[in-house]
Amino acid sequence: MTAIYLVRHGQANFGGDNYDQLSDKGIEQATLLGEYLQKKMSSPTTVTTGNMFRHKQTAKNSLNAFSAITGEEDIIPNEDARWNEYDHRNILGVYNAELATPSSTRQYLAKQSNSLEHFKTLFINAINQWANADNNQDYTESFETFSQRVIAALKDVTEQNQTGNIIIYTSGGAISIIVCYLLGIPFSQFIDVNWSLVNGGVTKVVTRGKERKLALSTLNEHDIFEQHADKELITYI
């Protein structure tokens, strides 16, 4: 049996000019995540990340837990860009030009009475427009292409690893597409899953039977953060 642990990156730099890096809280989440994963396996068979910086940061800070126990050299993950997140900035900008850059988004939201809730509504609307677009010329990547590359990456890592524990550091969108794929949920509804995924949460996929059929084992595990409730480590962005 192959067990694939899909890890959402730690909290990113939401509100800053560069979203693609972890906040201090995101680094703490990644460190605790490593302790959690290390208790599940002595050492992963294979580790893969997308090539986004927040993926690599999450991997580095969590994988330290394995080298600390074994005393061996640090684990060096493989990189596969197919595990990258969709281009949220492009998607928001197509929906509303005022959301095209971090600075313009901050200026826009500063005018709103409840900026976070307002942003959530805008984000969901923008994603739905992207997912249902008939004309994809304005997007850097179509929703169909995004979905297909994520599913292809999952199938490839399964074929390449007949047994063992695989850790993949990725983003919420990629994990949500896989959840929809495995449960038979329309891909267009992936944002409902995406919005519920915790930073640093773990979704486990396993192969079963002689046909090695992929199946969802657990979704959005984050008990390690609930054990530190005083630190408010459960975040979603």
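The values are calculated or read from the model by the stated rules, or taken from the named source; none is laboratory data. For clarity, every value in this text was computed on a predicted model and none was experimentally measured. A quick note on method: Cβ atoms are made from the backbone with ideal geometry, for glycine too, and the neighbour counts reach across all protein chains shown. Side chains included, ligands, DNA and RNA excluded: accessible areas come from the protein's heavy atoms. Shrake-Rupley method; radii C 1.70, N 1.55, O 1.52, S 1.80 Å.
General observations
- Most tightly packed first, judged by the mean number of other beta-carbon atoms within 10 Å of their residues, the peptides 120-127, 22-29 read 22-29, 120-127.
- In percent, rounded to a whole number, the relative contact order of the chain is 31, using alpha-carbon pairs under 8 Å and six or more apart.
- Taking only protein heavy atoms and a 1.4 Å probe, the accessible area of segment 153-237 is 48% carbon and sulfur.
- Candidate cross-link partners of Lys111 among the lysines, defined by an alpha-carbon separation under 26 Å and a same-chain spacing of 8 or more, comprise Lys120.
- Probe 1.4 Å, accessible area per residue of segment 131-201, Å²: 42
- Segment 116-163 and segment 55-105: distance between their alpha carbon centers, rounded to Å: 15
- Calculated [θ] (222 nm, deg cm²/dmol) that DSSP helices of n ≥ 4 give over the chain, each run adding -39,500 (n - 2.57): -14000 deg cm²/dmol
- Separation of segment 29-48 from segment 171-186 is 22 Å, based on Cα centroids.
- Cα-based helix-to-principal-axis angle, 115-131 vs the chain, degrees rounded to 10: 80
- Mean Cβ count within 10 Å, highest first, over the residues of peptides 2-14, 143-155, 215-227: 2-14, 143-155, 215-227
- Förster radius 22 Å - calculated FRET efficiency between Gln160 and Lys210, Cβ distance, rounded to 0.05: 0.75
- Under a model in which nothing but the beta-carbon of Lys, Arg (+1) and Asp, Glu (-1) is charged, the chain shows a dipole of about 440 debye around its Cα centre.
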